[in-house]
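To start, the structure itself, in structure tokens.
Derivation of every value follows stated rules applied to the coordinates shown; laboratory data play no part. These figures come from a predicted structure and were not determined experimentally. Using ideal geometry, Cβ is built from the backbone for each residue, glycine included, and neighbour counts are taken over all protein chains shown.
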Amino acid sequence: MIPAAFEYVRAGSAAEAVGLVGEFGEDAKLLAGGHSLLPLMKLRLASPSVLVDIGRVRDLSYVRDEGDHVAVGALTRHMDVQLSGVLLEHVPLLAYAAGFVGDPQVRHRGTIGGSIAHADPASDLPAVTLALGASYVLQGPLGVRVVPAAEFFKGFLTSVLEPDEVLVEVRVPKMGGAGWGFEKFTRRAQDWAMVGVAAWCRGSESGVALVNMGSTPVLASSVMVALGDGAGVVDAAELAVAEADPQADLNASVEYRTHLAKVLVRRALQTAQTPHTKP
Amino acid sequence: MMCTDRGHTAHSCNKGADVQIHVTVNGTVHESEVEPRRLLVHYVREDLGLTGTNVGCDTSSCGACSVHLDGEAVKSCTVLAVQADGCEVTTIEGLAVDGVMSAMQRAFMENHGLQCGYCTPGMVMAATSLLREVPDPTEREVREGLEGNLCRCTGYHNIVKAVLACAAGN
Amino acid sequence: MTVTEQAPSTDPVSGATVGRVIGQRLLRREDPALLTGEAKFTNDLAIPGALRLALVRSPYAHARILSIDTSAAVAMPGVVAVYTATDLASLWAAPMPCAWAVTADMKNPAHYPLTSTKACYVGDGVACVLATSEAAARDAAEAVQVEYEPLDAVVDPEAALRDEVVIHDELGTNKSYTWDLKVEGHPGQVDEAFAAAAYTVSERYVQQRLLPMAMEPRAVAAVPQPFGGDITLYSSTQVPHILKVMTAITLGIPEQQVRVIAPAVGGGFGSKLDVYAEELLCVALSRKHGVPVRWNEERTENAHATVHGRAQVQHIELAADASGKLTAVRVRLIGDMGAYLQLVTPGIPILGAFLYAGVYDLPQAYDFSCTGVFTTMTPTDAYRGAGRPEATYAIERSMDAMAAKVGVDPMELRRRNYIGKEQYPYTAFSGLTYDSGDHLAAAEMAAEMADYPGVRARQVTQNVAGAPKRLGIGVSSYFEMCGLAPSRVLASLNYSAGGWESATVRVLPTNKIQVVTGTSPHGQGHETSWSMIVADKMGVSPEDVVVLHSDTAIAPLGLDTYGSRSLPVGGVAIAMACDKVIDKARKIAAHQMECAEEDLDFADGSFSVKGTPERAMPFAAIAFEAFTAHNLPDGLEPNLEAQVTYDPPNFSWPFGTHICVVEVDTETGQVEVLKYVAVDDCGVQVNPLIVEGQVHGGVIQGLSQALFEEAVYDTDGNLKTTTLAEYLVPAACDVPSLTLGHTVTPSPTNQLGVKGVGEAGTIGATPAVMNAVVDALSGLGVTNVQMPASPHNVWRTLQSVSAEGGSR
């Protein structure tokens, strides 16, 4: 319940945060909303020696229409993503899915950047942004680089984010009226997904990604290719786990998780292909 | 050593060294020195003696510790006291005014929305925050809005009834 | 205060209408303190100078302790002392108590607050730390170096009986006891009935282990008096009185020096009906160090260190004649005791022993046997219902199996078997007398509220081959068997305490009334309900009554709150104490009004002379006369106060029928509850608002066993569900709203006609939900689903029947 002791510093800007994490090295952790990190620290599964608090960097909380895409500041809270008019209009899948993260108290504190940077395969927004073909803007000591979501996640809780980099923005392509579906299968509403599916399609184009079906969020490329080749939803959904590597846990065996992924991909795509209906 | 920024220069301090914070709790400004690892729930319970906020788990699951941070419900077990620096915190002790319970507190009483009362402060804080965001919720919206708060006594039936009654102004 | 009109109930004894206050939906006086944060739970108490206790707990389910090195921990900042079992051995006068030796030859390993040679479950205490802060104590506990020799874990109670790995070397076996109850009209009747039966069923059910998960984890604070040796123990307990006696016995402290206080207690559900190592350690160490010592439990610690519930393997066989009428019941139970026997561990399965024939008319052909077995898991003990939900589950699930065999609707089979209203009071096969009941009425009300025929009709169209979602409806009829308990019956079960309850009613000079009760509420609203009973008896307003409880210095006599006993035993004791006070007041009134006692009527708080009601004396005047004692009858003591200890003549027998309607997604295995109807009869309802709350909470807790909860252990004996993130207590959006109905069949065994209601919901709900789930899938060849009916378990079941070629 009580985290191990640590040194606490506050950053006034993203650049300052970059400087601080560079200064303190690998033992330093960035603290945004704290809803990924603090639970681990309370159970002493994480014991960083320094916390760099970027939670007060107000200018990293925004949702902006950037023409072909929407730019979401890394410190935008889940609740603000959920209610953003710009996102509801242009990227409704992201706004909708944000409403399923944790519970209202979590959504009042947790941030999109924190969730993605934590790279938990069981979290919703990494997979949702992956399905949407988003890019993440990483600021480091030498400047910024833009990494596509498909190249960001490297393993369980690991990504290409360097210790001295800060994720500052999420760029999500506008959906352009694409149909979409989001399926989050849980025992209880507040739980992480046993399996989750984010999907959209527009003509022959589509994006499908899976939550909690491997050590990273999983892009279901085989499903997308099959759909592009004209396969029906039912057939395409059978390919749901081609890229996945599901593990067994308390709530599901590998077989069950595999089965669920297929069912949920099918359902998400059926919703996506049903005109004028929101899930 | 000062560890708060007060401007844009970062200051560092020794591991675990106390940090000065200014927090307005239930309308009263508190200036305190806290260890960085001090959780907001321990700060209000132990440093300020506001023991109405309860701890029911260690995984941010149960919501018993819910308080308002700048008007919104948060789980005070998952917020560091230093993160509340410069913020307004309302705990369950801050809802009643001059000995008169808030509308939500009254609704819980009138609808028997509590039994042992341990989850109740957090439940009331979450419900109060919910109605600020969704003033006229459906039963489903109330149930979903309270998804982060666990109760073992009531089966939630009367809690939901209380929140709906409060929303309806009964 | 909101008061809704309520039809008055009828006094079962006098036939007169009672209920000026009883029967009203009075709002709870307990609420404002709880709603404003003013209420103090144990961990809220400010206790200056208290040291913090932390335990070093075994990470192994089964291991020999080779060595313990405390040197690093002792040297840490803030640490006052570190102790092992050996260091503290001289402090214990007796092992931790098990108060229920169910058989003369029951095996019970000596169980001390810290274990010395062997750890027998993950969480078993092996050392403890005293420090000046909680953080320092917990940090130092992590620094204690214990060398273990891990041994094989024993996590399957059936396999444990093979004694391949013996947990307690000194016992030589893992079997604790076998307790039998065979009742036959003539020798061999059970076997004959099965041989002659037109239909039989033989079912095996597993009651999964549950974690009670009261929202308040346990907390303890022991405060010694600086001189004289007195000790005050604050604990989040349901049983301050039992705890006081046991503390005195275990620590060898003169009982009169021990005071136990249960402050606000955040739920118990049986898990705080115990005497725990941490309570005894706090007392022992506070005395040793001469300063207060406190401990509070974190949730993860709670999952390991607080008792678990259920954990039984049940084999039940029913025999029935050609009409489906039951002719015999045979039950074989294996009860998983866990690693040690806690306060009433071995008796929990026995509490259900009389209920495996449910609410059905059974001849004397009953054969029950329960074997208690040790495993290397946290000890089990009482959990809401304690033996009775398990029994009800077995009979109600197997009644559905029987209905399928007979080829009749489950409701119809129940109708054919219910004990008839006209058979009451009913002497059961066991010799117990069921006081009252009308099972058919409750069942018919529930069926109507749930639209039972309508759901059956919808099933015909919905549950076709290939249907993605199948509809199911499940029924369960139950007895609660509560009001624990007649002391002589407890004696016959070898329980080492009585089942009485104590009450004192004291009239203050200004006609305000103090009630002292031996019950110890932790969410049940006793202060409100007890004041209502007194208000009716004494003709005062409930606001004029204060209820004192849960402090052994204020309420020295009592047997506490569990087993739905508080109202039918403790509440009745209060009514009887009121009668005693009124009797004394009548003497004073007669003396003052110069008439005979028998010429006086007492009503509405006033004595009046029969036939001349204008000659009256209000109770308030008598109260003041009793106080001044200026003019009392010769030989009569001043003041109005009476104490009653009530030993109930019988259990009470609440009953009812619950019906659950579910839809099961056959692709994912997800179960959705569409409707839940509960019709309960707990006799006269003192406060219907509180009754409904008890039913709501109980139903969801029972439903939660059916659909969500399970304490999962791996084969090495590690608990995998140690937090509320893994152990699935559902939230509001995961459970349905509930539809309640009630019938009122007053208990004839007590003057209030009350029965108790604390466990009814939990008892009724689990089988109703599971019967609905199985019913939904029965067309696919499913006959059972292991609890909890999680999506995974349902899916797995469907996979196995389709592999076996079930129709689809």
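Data for the structure
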item	result
Average beta-carbon neighbours from other chains, 10 Å sphere, peptide B:35-41	5
Net charge, C:ARG416 excluded, C-beta distance under 13 Å - Lys, Arg +1, Asp, Glu -1	-1
Karplus-derived 3J(HN,Hα), 6.51/-1.76/1.60, for each residue of segment A:32-43, Hz, glycine and proline x	9, x, x, 8, 9, 7, 4, x, 5, 5, 5, 8
Calculated log₁₀ intensity ratio I(q)/I(0) where the Debye formula runs over C-alpha points of segment C:13-130, q = 0.11, 0.22 Å⁻¹	-0.67, -1.27
Kirkwood Rh, angstrom, chain A [1 / mean 1/r, Cα pairs]	18.9
Inverse mean reciprocal Cα-Cα distance (Kirkwood Rh) of segment C:720-802, Å	16.3
Peptide A:188-196, shielding by other chains (average Cβ, 10 Å cutoff)	6
For a label point 7 Å along the Cα-to-beta-carbon line of C:THR117, residues of segment C:77-95 with backbone N under 16 Å	C:85-87, C:89
For segment B:74-160, radius of gyration divided by Kirkwood radius, i.e. Rg to Rh on alpha-carbons	0.97
Average beta carbon contacts from partner chains per residue of B:42-53, 10 Å cutoff	3
Charge context of C:VAL507, other residues only, Cβ under 15 angstrom, K/R +1, D/E -1	+1
Charge dipole of the protein assembly as shown about the Cα centre (unit charges at C-beta), most positive-ward option of A:TYR62, C:ALA219, C:ILE582	C:ILE582
Entries in C:LYS118/C:LYS272; C:LYS405/C:LYS469; C:LYS244/C:LYS720; C:LYS469/C:LYS720 that, when Cα-Cα distance is taken, lie over 30 Å	C:LYS244/C:LYS720; C:LYS469/C:LYS720
Protection proxy ranking, peptides C:64-77, A:34-47, C:155-168, average beta carbon neighbours within 10 Å, highest first	A:34-47, C:155-168, C:64-77
Base-10 log of normalised Debye intensity for segment C:558-662 (one unit scatterer per alpha-carbon) at q = 0.09, 0.20 Å⁻¹	-0.37, -0.98
Given charges at Cβ of Lys, Arg, Asp, Glu: the protein assembly as shown dipole, positive-most of A:PRO3, C:TYR383, C:ASN108	C:TYR383
Calculated over segment C:657-775: convex hull of Cα atoms, volume per residue (Å³)	143
Of C:LYS512/C:LYS610; A:LYS29/A:LYS184; C:LYS512/C:LYS587; A:LYS29/A:LYS154; C:LYS537/C:LYS584, those spanning more than 22 Å from alpha-carbon to alpha-carbon	C:LYS512/C:LYS610; A:LYS29/A:LYS184
Loop sites in segment A:1-98: GluC sites (Glu not before Pro), DSSP, at most 16 other Cβ within 10 Å	A:GLU66
Rounded to 5, the percent of DSSP beta bridges in segment C:448-548 classed as antiparallel	55
Cubic angstrom per residue, convex hull over Cα atoms of segment C:300-387	95
Student exercise, the protein assembly as shown dipole from Lys, Arg, Asp, Glu Cβ charges, in Debye to nearest 20	660
Extent along principal axes [Cα atoms of segment C:145-243; Å; largest to smallest]	73, 40, 30
For A:VAL144, residues with placed amide H under 5 Å, excluding near neighbours	none
Dipole of chain C, positive direction: furthest Cα of C:SER704, C:PRO77, C:VAL307, with charges on the beta-carbon	C:SER704
Check: segment C:634-736 dipole with +1 on Lys, Arg Cβ and -1 on Asp, Glu Cβ, in debye	180
Volume in Å³ per residue [convex hull over Cα atoms, computed for the protein assembly as shown]	184
Directionally averaged projected area (convex hull, Cα atoms, segment B:121-170), nm²	3.1
Relative contact order of chain B, pairs being alpha-carbon contacts under 8 Å that are 6 or more residues apart, as %	21
Label-to-label distance, nm, for residues given as C:ALA195 and C:GLU614 (7 Å Cα→Cβ offset)	8.3
Pairwise Cα inverse-distance average, inverted: Kirkwood Rh of chain C (Å)	28.0
Taking chain C and dividing mean pair separation by its residue count, relative contact order in percent (alpha carbons under 8 Å, at least six apart)	15
Inter-probe distance in nm under a simple model that places probes 7 Å from Cα toward Cβ, at A:ARG58 and C:ALA75	5.1
